[in-house]
Structures are given as C-alpha cells and as structure tokens.
Amino acid sequence: MGKLVICDHPLIQHKLTFIRDERTNTKEFRELVDEVATLMAYEITRSIPLENMTVQTPVAQTESKVISGRMLGLIPILRAGLGMLEGVLKLLPAAKVGHVGLFRDPETMQPVEYYIKLPTDVQERELIVIDPMLATGGSAIAAITSLKNRGCTQIKMMNLIAAPEGVAAVQEAHPDVDIYVAALDDHLNEHGYIIPGLGDAGDRLYGTK
Ligand code: PRP
Ligand code: URA
C-alpha cells in the first residue's frame, strides 16, 4: 500500500487556511497555491537519493553530496494542476514536464481524458503527478493509469487537499504510488466536492465559474 504523507509544516498549514478562505481573491489564491507547491516540493523530495562528489573549496578538497538516481518528471493534470507547476519548478528547475488533460464530467463524475503530451524519456524518470484536488480519485487514477500504460513505473502523487474516499481509491488502484497532501479533509458531498475543501480549484485559480 502506498503511503499517505501529510505535509504539516506550519507555513504550509498557515497558507492553506487562506487558500480555503472564500474571501481570498484570484490573484492571492494563485500566489498562495504557488507558494504551497514550492514548500510541498521540499517535503516530497526529502527521500531523493544522494551520492558523494569530490569538490575543491577555496581552502580544501572534500567529499560532498549531490542528487543521484533517476531524473524527475512533473505531470500536472490540466487544468488546475498548472496552478502548482511553477511552484514545484522553482525547486526542481531541471525537471521535464508532461501534461495530462482531464476533466470530471459533472453528471457522472467520471474523468474524461482530452490531452496527453509527455517527455520522450518519461519511462526513465521518477514522476510527480500534480493536482490540487484529490476528490473521488477518478482523475488521479486515470492519469496514473495513462502513465503506466506508457511504461512509467516510479510515480508519486501531490495534492493540496484530499478526501479520504479519493485516497482510498488511489491506494486500491495504484498501491505503489505514495500520496503527498497538505490536508486530508473530512468527506465528499453529493456533488463530489471535498468538504470543507476550497471549492472548485480550477475556477478559483483562473477566475472562471
Ligand atoms: C478537478 C481537480 C481534479 C479533479 C478531482 O478538476 O483539479 O483534477 O477535479 O476530482 P476527482 O478526484 O473526483 O477526479 P476538474 O475536473 O474540475 O477540471 P479543471 O482542472 O479543468 O477545472
Ligand atoms: N474538484 C475541485 O476543484 N474541488 C473539489 O472539491 C472536488 C473536485
């Protein structure tokens, strides 16, 4: 079973409160999501392997650490995942980016894939799938399945807010995938919205309704 990691750093939790607040306007919302994404990227990369490198300082030669292992790939789920992408890229500027376009049919709540474009070497990379919301889990499961169908094997999931129902669904469908969230909320309502959540992430990021 993949692990669920709640990124409980005080700065993340503080900023998340204002992301949730309905009075936060589009500009502030976007800035806060960007900042939290950077802070979460710090947490999610904690376990990246390191190797030794010899470095000459101005006064001595020493062994120091550099990142080793697989290169990274970031996979934002369109469109709301784009709101977290730049924040993650601030810490991981060398990562390549693949896009998966999915929307949730409002009637059936089933994800519909409308776009996918991935780095050519995506199978070689350790991937982080990015989406602010993990509600029923349908979109995350579909995105991860699409990646696996193209040969990807090392995948993590990153969300601002998850519902217990979505976490359970992803863990059942993809038990090899660890999930990093800023908050695990209470439940889904009858429309598939996370309660208390933050409302519709895409609409709040882009000012649509
Ligand atoms: C939202 C969100 C997730 C999905 C989560 O996207 O960004 O992708 O819903 O719901 P699920 O876990 O039940 O699948 P939405 O479908 O509203 O599309 P958008 O990003 O284009 O607004
Ligand atoms: N998508 C959102 O943007 N918000 C929710 O609460 C659920 C799905």
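The values are calculated or read from the model by the stated rules, or taken from the named source; none is laboratory data. Just so you know, these numbers come straight off a predicted model, no measurement behind them. Methodologically, a virtual Cβ is constructed for each residue, glycine included, from the backbone with ideal geometry; neighbour enumeration extends over all protein chains shown. Accessible surface is based on the protein model in full, side chains and every heavy atom, while ligands, DNA and RNA are left aside. Shrake-Rupley method; radii C 1.70, N 1.55, O 1.52, S 1.80 Å.
Does G137 satisfy the condition of being over 17 Å from the mean Cα position of the chain (by Cα), open to solvent by less than 10 Å² (accessible area, probe 1.4 Å) and under 27 Å from Q13 (Cβ atoms)?
Criteria not met by G137.
How many residues does segment 159-177 contain that are open to solvent by less than 40 Å² (accessible area, probe 1.4 Å) and either without any contact (Cβ under 8 Å) to a residue 60 or more places away in the chain or within 12 Å of ligand 1 (Cβ to nearest atom) (or both)?
Matching residues across segment 159-177 total 9.
Keeping to segment 28-56, report how many residues are more than 26 Å from L72 (Cα to Cα) and surrounded by 15 or more Cβ atoms within 10 Å (Cβ to Cβ).
1
If you scan segment 1-47, which residues turn out to be in contact (Cβ under 8 Å) with a residue 40 or more places away in the chain and basic (K, R)?
K3, R20, R30, listed by residue number.
For T62, indicate whether it is hydroxyl-bearing (S, T, Y), more than 29 Å from T26 (Cβ to Cβ), out of contact with any Cys (no Cβ under 6 Å at 6 or more places or on another chain) and open to solvent by 50 Å² or more (accessible area, probe 1.4 Å).
Here the answer is yes, as T62 does meet what is asked.
Within the set of pairs 6 or more residues apart or between chains, which connect a residue that is within 29 Å of Q123 (Cα to Cα) inside segment 48-70 to a residue that is hydroxyl-bearing (S, T, Y) with Cβ atoms less than 7 Å apart?
Once the first residue is within 29 Å of Q123 (Cα to Cα) and sits in segment 48-70, its partners that are hydroxyl-bearing (S, T, Y) give P49/S68; L50/S68; E51/S68; M53/S64.
Considering only segment 126-145, how many residues are over 12 Å from G98 (Cα atoms), part of a helix (DSSP H, G or I) and in contact (Cβ under 8 Å) with a residue 40 or more places away in the chain?
The number of residues fulfilling the criteria is 3.
Return the residues of segment 31-89 that are assigned to a loop (DSSP other than H, G, I, E, B) and under 29 Å from R20 (Cβ atoms); say none if nothing qualifies.
Those that are assigned to a loop (DSSP other than H, G, I, E, B) and under 29 Å from R20 (Cβ atoms): T45, R46, S47, R79, A80, G81.
List the number of the failed condition for P119; all other conditions in (1) open to solvent by less than 50 Å² (accessible area, probe 1.4 Å); (2) more than 16 Å from ligand 1 (Cβ to nearest atom); (3) in a strand (DSSP E or B); (4) not hydrophobic (A, V, I, L, M, F, W, C) hold.
Every listed condition holds for P119 apart from (3).
Take the residues in segment 178-202 that are in a strand (DSSP E or B) and under 17 Å from E107 (Cα atoms); name whichever of them is most open to solvent (accessible area, probe 1.4 Å).
So, considering only residues that are in a strand (DSSP E or B) and under 17 Å from E107 (Cα atoms), the one most open to solvent (accessible area, probe 1.4 Å) is L188.
Among the listed residues P111, P132, P93, which satisfies the condition of being out of contact with any His (no Cβ under 8 Å at 6 or more places or on another chain) and either farther than 25 Å from R30 by Cβ or surrounded by 24 or more Cβ atoms within 10 Å (Cβ to Cβ) (or both)?
P132
Just checking, does segment 17-27 include any residue being assigned to a helix (DSSP H, G or I), surrounded by fewer than 11 Cβ atoms within 10 Å (Cβ to Cβ), out of contact with any Cys (no Cβ under 8 Å at 6 or more places or on another chain) and modelled with pLDDT of 95 or more?
Yes, the conditions are met somewhere in segment 17-27.
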